[in-house]
Amino acid sequence: MTTADNGLALKQVLVVHRHGERVPVRQAPRILAQGDPQHTRLWAQCGIAPFLNAFREFAFAFDTPLQLPDGITNAHPPLYPPVVKELRVVQGDSALLPPYLFNQNTFKQLTSQPARADGICQPGQLTDMGKITLLNFGSSLRQKYAGTHGLIPSILTPHFNKHNLYVRSTGYVRTIESVQYLLAGLFPFHTRYFGPSGDVTIHIKAEENMYIDLTCKKLIHLIEPFKKAVDLRFGELTNKMMDRMTQIFPENASLNAYLKDDEVMSTPGSNLTEDEKQSINQPSPKKSSRNKDENDRLKGYNLREIDIFYDTLKCIKASGLELPRGITDQELNDLSTVFMESFVGGLIDAGSDSIAGQATASTVRRLLIGRFVADLMNHLDKRTLTPLSDEFAVKLGLFSGHDTTILPLLVGLGAATEENRSWPNFAANITFELFENVGKRENSSKIGEHFVRVKYNDEPLNLSFCKSPGSHFLGDPSMCSFKTFSGAMKLLISENHKK
């Protein structure tokens, strides 16, 4: 363990990240026709280890492991990510929820998809670029935490794997596969044990809390006036961009014609409102006898229509491909703004003390991300109570999620400022570093005192509640005292979320 000149020793790191680049969650033939070369280039990006054919076994926390055929058991893909030993469904506060409620389609995708020579992707699948992005991210974490800080070993020993490493993912193929490739960069092929002792367990919550729960009626009620205000504020830009999209792609003048009620959205948590669901099969109304505010707000475009365009175009751009003729980078940026503000703009404002007021904002933040924050704080709290030398404590936690994991967490931290008010990129990440003062030299804190530094995409965040004197390490406002940080985070945690 390396101790910095200021006397602080790194004790634990929790990394929350979005999955890597993917293909769209649906094929939109009216945007890219089947015969268009760009269509082939976009969808033929999955030649490296399709899904997780390296599975050795699959098990729930209380089931007998299901042995897979030898062809899958022994298959190691080109980049040699660690074999997933099991997906362990964590019951959490849903102790009575049976294991079969876990998405069986995920298991089927993870284990049964054969490799395709043409590399054609399934909708929403992590692309080869996404795998490389997470591999490189894992390599950067290795350089930092195995090299500079000495927190983790250079070899994934059975002991570290079992006791010091915690891996969690949402139950999506792209997030499970993303963290697998992150681990491949963190612990390359030559640094791992083979056999069960080298295989990694991924935990999945039976009742997921790593993304927005828009089924919460109280949350919807609180954010509704702020959503309407944002819609009015960005209504002109929304109308402009959606008119532009339907002008370039006239076949999409009524996208609702081929949208189904159960059509999947591009990001978890992006449920439509009841009003939007009822409008799915209705044509987009033009300005008519509605009042001026309604006309200025939207022409009837719902989030799903915006998502069809944005999801396809952002995946094209992220893959390094040329945008369809007539679409500029600035228009894609504007469309990104439209999607973000339509989806979460009101939520960001409702979670801001300066806009919504402290009482409303704190309730919104608690309903938005409090349950996941409780899980993170559980790891941090436990580590502060164990000595630096404890060899049975979690030292590294990896949490593989979505854009709707990263953005709400920024809101909860009070860090969704104008500077960060943009849609999180693929592989965007928030890191929590826990330090202990071991007293190697004189400083302003007591020996044994703990501090937390939060980073967004490796840039330290100066959290507002850590700026006052005495709430951070001397001379570094980004190094928040654990007492201050814990106090702020525990305001986000409800004793009973459902109430």
Apart from one, (1) open to solvent by 20 Å² or more (accessible area, probe 1.4 Å); (2) assigned to a strand (DSSP E or B) all hold for Val452; the odd one out is (1)
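Please determine, by comparing only the residues of segment 464-488 that are of a type in the set (A, V, I, L, M, F, W, C) and open to solvent by less than 10 Å² (accessible area, probe 1.4 Å), which one is nearest to Leu376 (Cα to Cα). Break it down into steps so the answer makes sense when it comes.
Of segment 464-488, the ones of a type in the set (A, V, I, L, M, F, W, C) are 465-466, 473-474, 479-480, 482, 485, 488.
After this cut, where a residue has to be open to solvent by less than 10 Å² (accessible area, probe 1.4 Å) as well, the list is 466, 479-480, 485.
Values: Cys466: 18, Met479: 18, Cys480: 16, Phe485: 12 Å.
In this case the residue turns out to be Phe485.
Give the residue, chosen from Ile493, Ile430, that is out of contact with any Cys (no Cβ under 6 Å at 6 or more places or on another chain) and modelled with pLDDT of 95 or more.
Values: Ile493 fails: modelled with pLDDT of 95 or more.
Ile430 is the lone residue from the list that is out of contact with any Cys (no Cβ under 6 Å at 6 or more places or on another chain) and modelled with pLDDT of 95 or more.
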The condition of being in contact with a helix residue (DSSP H, G or I) (Cβ under 8 Å, 6 or more places away or on another chain), of a type in the set (Val, Ile, Thr) and part of a loop (DSSP other than H, G, I, E, B) holds, among Ile430, Ile493, only for Ile493
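Taking Asp334, is it among the acidic types (Asp, Glu), touching a residue at least 60 places away in the same chain (Cβ under 8 Å) and in contact with a Lys or Arg (Cβ under 9 Å, 6 or more places away or on another chain)? Can you show your working first?
On the way: among the acidic types (Asp, Glu): yes; touching a residue at least 60 places away in the same chain (Cβ under 8 Å): yes; in contact with a Lys or Arg (Cβ under 9 Å, 6 or more places away or on another chain): yes.
In short, yes.
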Considering residues that are touching a residue at least 24 places away in the same chain (Cβ under 8 Å) and within 21 Å of Val200 (Cβ to Cβ), the number found within segment 373-396 is 10
* Looking at this structure, is Tyr193 touching a residue at least 12 places away in the same chain (Cβ under 8 Å), open to solvent by 40 Å² or more (accessible area, probe 1.4 Å) and under 16 Å from the mean Cα position of the chain (by Cα)? -> no
Of those in segment 451-499 that are of a type in the set (Ser, Thr, Tyr) and within 24 Å of the chain's Cα centre (by Cα), the residue farthest from Gly7 (Cα to Cα) is Ser494
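From Leu410, Leu398, Leu367, Leu380, grab the single residue that is in a strand (DSSP E or B) and in contact with a helix residue (DSSP H, G or I) (Cβ under 9 Å, 6 or more places away or on another chain). It would help to see each step written out before you state the result.
On the way: Leu410 fails: in a strand (DSSP E or B); Leu367 fails: in a strand (DSSP E or B); Leu380 fails: in a strand (DSSP E or B).
Being in a strand (DSSP E or B) and in contact with a helix residue (DSSP H, G or I) (Cβ under 9 Å, 6 or more places away or on another chain) holds for just one of Leu410, Leu398, Leu367, Leu380, which is Leu398.
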Residue set Val179, Val200; condition within 14 Å of Leu396 (Cα to Cα), open to solvent by less than 40 Å² (accessible area, probe 1.4 Å) and more than 19 Å from the chain's Cα centre (by Cα); output residue Val200
Within segment 117-139, the residues that are charged (D, E, K, R) and either in a helix (DSSP H, G or I) or in contact with an Asp or Glu (Cβ under 7 Å, 6 or more places away or on another chain) (or both) are Asp128, Lys131
All-but-one check, Tyr301 against (1) at pLDDT 65 or above; (2) closer than 30 Å to Ser400 by Cβ; (3) not in a helix (DSSP H, G or I), failing number (2)
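How many residues does segment 385-413 contain that are open to solvent by 30 Å² or more (accessible area, probe 1.4 Å) and β-branched (Val, Ile, Thr)?
In the first step, residues of segment 385-413 are kept if they are open to solvent by 30 Å² or more (accessible area, probe 1.4 Å); the result is 385-392, 394.
Now restrict to residues that are β-branched (Val, Ile, Thr): 386, 394.
Within segment 385-413, residues that are open to solvent by 30 Å² or more (accessible area, probe 1.4 Å) and β-branched (Val, Ile, Thr) number 2.
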Scanning segment 147-176 residue by residue, the ones that are of a type outside the set (Phe, Trp, Tyr), more than 20 Å from the chain's Cα centre (by Cα) and outside any loop (DSSP other than H, G, I, E, B) total 9
Cβ pairs under 7 Å, 6+ apart or interchain, first in segment 203-227 and open to solvent by 50 Å² or more (accessible area, probe 1.4 Å), second at pLDDT 90 or above and of a type in the set (A, V, I, L, M, F, W, C), ordered by first then second residue, are Lys218/Leu367
Filter segment 126-146 for residues that are of a type outside the set (A, V, I, L, M) and within 21 Å of Ala393 (Cβ to Cβ); the one that is least open to solvent (accessible area, probe 1.4 Å) is Tyr145
Going through segment 21-31 in order, the residues found to be crowded, with 17+ Cβ neighbours inside 10 Å, of a type outside the set (Asp, Glu) and at pLDDT 70 or above are Arg22, Val23, Pro24, Val25, Arg26, Ile31
task: Could you please let me know if Leu491 is touching a Ser or Thr at 6+ places or on another chain (Cβ under 9 Å), open to solvent by 10 Å² or more (accessible area, probe 1.4 Å) and without any contact (Cβ under 8 Å) to a residue 60 or more places away in the chain?
output: no
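The values are calculated or read from the model by the stated rules, or taken from the named source; none is laboratory data. Keep in mind that what you see is a predicted model, and the values were worked out from it rather than measured. Quick reminder, even Gly has a Cβ in these numbers, built from the backbone with ideal geometry, and neighbours come from all protein chains shown. Note: areas computed on protein heavy atoms with side chains; ligands, DNA, RNA excluded. Shrake-Rupley method; radii C 1.70, N 1.55, O 1.52, S 1.80 Å.
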